[in-house]
Amino acid sequence: MKVLVINNDGGGFADYVDVPEGTTVRDMFQREVRSGKSDSYLIRVNRQPVPSDQVLCANDRISFTPIKVQGAR
Amino acid sequence: MRTTDPLKHHAIRAALRIHDHLAGTNCLSGLIQLPTHEWDHSAKLLQRLELALRRGWRAASDSLLADLEYSLRRLRTECDTCHANLPRSVAANRLAPPGEIVADILAVDAEFNGLAIKLDENLLQVQTDPIVLEQTALGRFRIELRWELIGHERSYEVIAETPNTPENDEEVTHPHVRDRLLCEGEGKAPICRALAEGRLLDFFTLVRQVLETYNPGSAYVELSRWNGVACKDCGYVMPGDGYGICDRCEDPLCSDCSVGCSRCDRYVCNGCSTTCEACERTVCESCLQSTDSGRLLCPTCLEETLEESDENHYSEEDASPDAALFPTGAAPATDALCVGEVALPA
């Protein structure tokens, strides 16, 4: 099935990806944000906060946004 | 599409306009920029450092080395950002359809305070919760997005509702906001991409996350100096409501760095004080006087030197066979301190 994945870390890319049925939010996080800890991110599915064991559905929109984003001068 | 909910009605109209604007603009065009400015700046600093080293200017060399180190760190960060911004493919740019933009606007309304959609101004605005960084309360910020400017410079502004500015820079309302402009740092690429793709919830969320994060290594004004005033000489931060100043230049000055002028009793900073070349007492620069030969003396030493010079001069006149040539009061000009050197008449 296809889901829209938005990774607001680094380059901030959004793209549709194919994932197997039964993929959870945690699986998706580990696949997309390899180096981070999940509690350092706002994780939303279809714009709503979700638990990490939630199973994704076809055409879901999942986004990962870092809680800390360092500004500059 | 019909709706009686005024918010949804406005959201739909705004979403259609935003979509139209984004569809006709290459909003990612400025995202990938090679850091040529940082490279040029580093090259100039290196040239200046080499010059300072050749001439043996130790203090200037230290300062330039620190500047070069900072500039190269920025260059490396810019290169990393540039690399991270490269799209996975040239077809990776994705524009949210109007329905998704409407859903984003409604989600923004649920997540932020005070959403306002001003169709006549092409403006969307929200308000953050009060922001406190390291126990410094900075208040709420209003984020104003002018969607017709997306893809151009400064499409959004960050405005402090009740500004708490540092004492020496009223344009700074947050360690990373100056003149209503957020310096996005790590957030630059994702914010730009979220705007270009019409992901408004991501845009407002990212801006809020930058505002809620403090990066002391790259702040307009560090929070440790926010509520105080730094001593001009040593940098010690003094309370904003009670600190000394240099009686001459009026710059902030701590008690350890203030120096009393032995002549006028004023307290001055290091830059406004110096020592008399004769008695070596500390005096402020205003009290110091220069002799004709360029020596800097306090008034007392200057007076003594002049008197001494006069005495020597007259005793030489008396002994000189040419004394008659120079009647009293008509002697040629001499350097008061170069005793024994008398200018010859023309």
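The strands (runs of 3 or more DSSP E) falling completely within region A:1-56 include none with 2 or more residues that are surrounded by 14 or more Cβ atoms within 10 Å (Cβ to Cβ) and in contact with a His (Cβ under 9 Å, 6 or more places away or on another chain). Restricting the search to strands (runs of 3 or more DSSP E) fully inside region B:114-202 and requiring at least 2 residues that are in contact with a strand residue (DSSP E or B) (Cβ under 9 Å, 6 or more places away or on another chain) and among the charged types (D, E, K, R) gives B:141-146. Can you find a residue in region B:71-92 that is without any contact (Cβ under 8 Å) to a residue 12 or more places away in the chain, assigned to a helix (DSSP H, G or I) and surrounded by 15 or more Cβ atoms within 10 Å (Cβ to Cβ)? Yes, region B:71-92 contains at least one residue that is without any contact (Cβ under 8 Å) to a residue 12 or more places away in the chain, assigned to a helix (DSSP H, G or I) and surrounded by 15 or more Cβ atoms within 10 Å (Cβ to Cβ).
Does B:Leu95 meet the test of being touching a helix residue (DSSP H, G or I) at 6+ places or on another chain (Cβ under 9 Å) and within 29 Å of B:Gly217 (Cβ to Cβ)? Step through it out loud before you land on a result.
On the way: touching a helix residue (DSSP H, G or I) at 6+ places or on another chain (Cβ under 9 Å): yes; within 29 Å of B:Gly217 (Cβ to Cβ): no.
Criteria not met by B:Leu95.
Looking at region B:112-124, is at least one residue within 12 Å of chain A (Cβ to nearest Cβ), over 24 Å from the mean Cα position of the chain (by Cα) and of a type in the set (Gly, Ala, Ser)? Walk me through how you get there before you give the answer.
Within region B:112-124, the subset within 12 Å of chain A (Cβ to nearest Cβ) is none.
Among the residues of region B:112-124, not one is within 12 Å of chain A (Cβ to nearest Cβ), over 24 Å from the mean Cα position of the chain (by Cα) and of a type in the set (Gly, Ala, Ser), which makes the answer no.
Residues that are under 20 Å from B:Ala116 (Cβ atoms) and more than 9 Å from chain A (Cβ to nearest Cβ) were ranked within region B:174-206; the one that is farthest from the chain's Cα centre (by Cα) is B:Gly198.
Could you list all residues from region B:226-249 that are closer than 14 Å to B:Val172 by Cβ and surrounded by fewer than 17 Cβ atoms within 10 Å (Cβ to Cβ)? Walk me through it before giving the result.
Going through region B:226-249, the residues closer than 14 Å to B:Val172 by Cβ turn out to be B:226-227.
Correct list: B:Asn227 only.
Within region B:288-320, being closer than 27 Å to B:Asp256 by Cβ and modelled with pLDDT under 85 holds for B:Leu288, B:Leu296. Here region B:31-53 is the region considered, the condition is being exposed (fewer than 12 other Cβ atoms within 10 Å of the Cβ) and modelled with pLDDT under 90, and the residue that is farthest from B:Gly151 (Cα to Cα) is B:Thr36. Just give me the residues in region B:111-167 being buried (at least 17 other Cβ atoms within 10 Å of the Cβ) and of a type in the set (Val, Ile, Thr), in sequence order. Of everything in region B:111-167, those that are buried (at least 17 other Cβ atoms within 10 Å of the Cβ) and of a type in the set (Val, Ile, Thr) turn out to be B:Ile117, B:Val126, B:Thr128, B:Ile131, B:Ile143, B:Ile150, B:Val158.
The values are calculated or read from the model by the stated rules, or taken from the named source; none is laboratory data. None of the values given here were measured: they were computed from a predicted structure. Here Cβ is always computed from backbone atoms with ideal geometry, including for glycine, and neighbour counts include all displayed protein chains.
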